[in-house]
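Trainee: The structure's right below; bear with me while I get my questions together.
What follows draws every value from the coordinates through simple rules; no lab data is involved. Predicted model only: the values in this text are computed from it and were never measured. Cβ placement follows ideal geometry from the backbone for every residue including glycine, while neighbour counts extend to all protein chains displayed.
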Amino acid sequence: MLNKLTVKFAQLSILGLVKLLVGATPRWVNAAPNNAQCIYFTNHSSHLDTLALWTALPKEIRAKARPVAAKDYWGKGLVKQFIALKVLNCVLIDREFSRHENPLQPLFVALQNGDSLIIFPEGTRRAQAEPSEFKGGLFHLAEAFPEVKLIPVYLDTLHRSMPKGAILPVPLICTVRFGGAIGLQVNEHKKDFLARAREAVLALM
Amino acid sequence: MFNQIATTLQNLDASHKFYWLIGGVAALLLFASSIGWVLQRRITANPNACEKTQKVVNNLVARVNAWWVMIAVFAVAFLAGKLGTILLFSSISYFALREFITLTPTRSGDHRPLFLAFFFLIPLHYYLIYTEWYALFTILIPIYAFLLMPSIAVLSQDTEHFLERTAKIQWGVMISIYCISHAPALILLEIPNFEGQNALLLFYFMLIVQLSDVLQYVFGNLFGKTKVAPIVSPNKTLEGLIGGGLSTILIGAMMWWITPFTPLQSAGMTAIIVVMGFLGGLVMSAIKRSLGAKDWGNMIEGHGGMLDRMDSVSFAAPIFFHLTRYLFTP
């Protein structure tokens, strides 16, 4: 009970702080919020990305949407672990290549459970307006779960709020733009699909 | 008869004057809300209502609702005293600066000066008002921040658009912090025979600026024909300016009893506030457009952003502050 209250309190504080700092105003471009199972994929330009996108989602969707985060960063330290696992309900993945296990396995499990995901297909963070090339993970998820909707999202200004090397953010209003769902087409090649997915994010710029 | 009412009003103590004012504004808003309600019912009852009318009415209702929130926030801050007022205006400056810098194309080299502007300059500047350190308050931003912010930015050795970036940041800081803060700075003026009532002068100022905006909008919508500056601000009309301006001046003259001014002086001060507010709206609109935006933000439903509501305040406040200081303090 007490634990639940702590988590609720932490969630509200994070929502408040993120809104105070970067606004995280949602804008649905040619699309409407959808309660169906979705994978939200977005450009990765700062440490604030996960929090901003999570804040911008409508309440009911947010409760089911789990950010995918790197175990080597979020899995360390009690505070970061508490935020990642309890507050944001993240799915932690290994970024290091492993021979024995498919690194995407935890995501498959989450999708099988009916959760939605927030992912950064670029893999790493670059403080720039345009997303760089997408990695293959998004394709494998789309292939394995064709019924899950793929929603492109673009986060603006966050690369300016926290440029490379910055520890503390400058408050700028971030508009979180959600686009219409895209899907994997029949016989579509991995490379084409990833390029198309990236285009869908770029179109929201 | 008139003299009797006038002396009664003037002899009320500060808190009674405040309650009369809040009551008056609430009555005005109640009136506006009921008009909005009637209009909305009429439109829903009429299936042939055109889309434009619907939009105007919905915007009107959204604006009035936002006014209720604004007046509530203002009233709470007032009742909380000096600290409440300072906290309210420092948050206004914070949100205004956030809107300004969001639209300004800054680079990573500006990160440190910007961080300092938000989290060091705003608290320090408002702390100076709180402690009534007038001399430093007037020069902190025009001199120290002006020289030190580019000095910090230059350390990152990014010369790309350096002058433009520095100038834009300084403008943002001047408007959002320095100019807006001259409204709450009214509480540090020492006006003879007006001791302990400075909060009312701030209320008077804010009321006049906002009334002037509202009445210009109303007169413009009703009688507006001649556009003053169609490229910069298509909503501003000569009819709106004259009708709204004159009615605001009339109201301003009638509000003299909460100020240190005579009715005639109050009319003059209101006229200056109206003109400066109008110019502020024009200049800020031109800046907004040159930065490529229509609204500063979407923080206040129906009004746009914080700066859309504060553009007239930022231009009128420093002039009103200094005229009052020059003419009414020893």
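Trainee: Of A:N102, A:Y40, A:V91, which is farthest towards the positive pole of chain A's charge dipole, taken about the Cα centre with +1 and -1 on the beta-carbons of Lys, Arg and Asp, Glu respectively?
Mentor: Most positive-ward Cα: A:V91.
Trainee: Let me ask something else. In whole Hz, what ³J(HN,Hα) sequence does the range B:124-135 give by Karplus (6.51, -1.76, 1.60; θ = phi - 60°), x for Gly and Pro?
Mentor: 5, 4, 6, 4, 5, 5, 4, 8, 6, 8, 4, 4
Trainee: Right, here's the next one. When every alpha-carbon pair in the range A:42-149 is counted, what percent end up more than 18 Å apart?
Mentor: Result: 51 percent of Cα pairs exceed 18 Å.
Trainee: Along the charge dipole of the range B:1-66, Cβ charges K/R +1 and D/E -1, which of B:A14, B:N48, B:N3 sits furthest on the positive end?
Mentor: Towards the positive end, the residue furthest out is B:N48.
Trainee: Which value does Rg/Rh take for the range B:171-213 over its C-alpha atoms, Rh per Kirkwood?
Mentor: Reported Rg/Rh (Cα atoms, Kirkwood Rh): 1.06.
Trainee: Can I ask one more? Evaluate the relative contact order of the range A:1-144 (contact order divided by residue number), counting alpha-carbon pairs under 8 angstrom at least 6 apart; express in whole percent.
Mentor: Reported relative contact order: 29 percent.
Trainee: Then there's this: About the Cα centre, and with charges only on the beta carbon of Lys, Arg (+1) and Asp, Glu (-1), how big is the dipole of the range A:60-181? Nearest 20 debye, please. Mind dumping the intermediate values first?
Mentor: Numbers: 16 positive and 12 negative charges, 91 e Å.
In debye, rounded to 20, the range A:60-181 gives about 440.
Trainee: For the range B:186-330, just the Cα atoms, rotate onto the principal axes and tell me the three extents in Å, largest first.
Mentor: 47, 29, 25
Trainee: Assign unit charges at the C-beta atoms only (+1 for Lys and Arg, -1 for Asp and Glu), then state the dipole size of the protein assembly as shown relative to its Cα centre in Debye, rounded to the nearest 20. Could the numbers behind the result be given before it?
Mentor: Working: 45 positive and 32 negative charges, 147 e Å.
Charge dipole of the protein assembly as shown: 700 debye, to the nearest 20.
Trainee: Treat chain B as a sphere of radius equal to its Kirkwood radius over Cα pairs and apply Stokes-Einstein at 25 °C in a medium of 0.890 mPa s; give the translational diffusion coefficient in µm²/s, rounded to a whole number.
Mentor: So the translational diffusion coefficient is about 116 µm²/s.
Trainee: Here is a follow-up. Looking at the range B:1-66, I'd like the Rg to Rh ratio, where Rg is from alpha-carbon atoms and Rh is Kirkwood's inverse mean 1/r.
Mentor: With Rg and the Kirkwood Rh in hand, the quotient comes to 1.27.
Trainee: Oh, and also: Choose one of A:A52, B:S181, B:Q157: the residue whose Cα lies farthest towards the positive end of the charge dipole of the protein assembly as shown (beta-carbon charges +1 Lys, Arg; -1 Asp, Glu; about the Cα centre).
Mentor: Most positive-ward Cα: A:A52.
Trainee: In Å and whole numbers, how far do the C-alpha atoms of the range A:2-202 stretch along each principal axis, longest first?
Mentor: If we take the Cα atoms of the range A:2-202, the spans are 47, 34, 34 Å.
Trainee: A further question follows. Show which aspartates and glutamates lie in cross-link reach of B:K82 when reach means a straight Cα distance below 13 angstrom and same-chain residues fewer than eight apart are skipped.
Mentor: In chain and number order, the partners are B:E132.
Trainee: While we're here: Given a Förster distance of 30 angstrom, what is the FRET efficiency for B:L246 paired with B:W68, based on the Cβ-Cβ distance and rounded to 0.05?
Mentor: 0.65
Trainee: Rounded to a whole number of µm²/s, how large is the Stokes-Einstein D of the range B:60-140 at 37 °C and 0.692 mPa s, given Rh as the Kirkwood radius over C-alpha pairs?
Mentor: 224
Trainee: Report the charge-dipole magnitude of the range B:186-330 in Debye, nearest 20, computed about the Cα centre from +1 at each Lys and Arg Cβ and -1 at each Asp and Glu Cβ.
Mentor: Dipole about the Cα centre, nearest 20: 440 debye.
Trainee: Hey, what does the equivalent ellipsoid look like for the range B:99-242, semi-axes from the Cα gyration tensor as sqrt of 5 times each eigenvalue, largest first, whole Å? Walk me through the numbers on the way to the answer.
Mentor: Values: eigenvalues 218, 142, 19 Å².
Listed largest to smallest, the semi-axes of the range B:99-242 are 33, 27, 10 Å.
Trainee: What is the Cα coordinate range of the range B:80-181 on the first, second and third principal axes, sorted by size from largest, in whole angstrom?
Mentor: 46, 26, 17
Trainee: In whole percent, what relative contact order does the range B:32-139 give with Cα contacts below 8 Å and a gap of six or more residues?
Mentor: Reported as a whole number, the value is 20 percent.
Trainee: Next up: What translational diffusion coefficient, in µm²/s and rounded to a whole number, does the Stokes-Einstein relation yield for the protein assembly as shown at 37 °C and a viscosity of 0.692 mPa s, taking the hydrodynamic radius as the Kirkwood radius over Cα pairs?
Mentor: Translational diffusion coefficient: 126 µm²/s.
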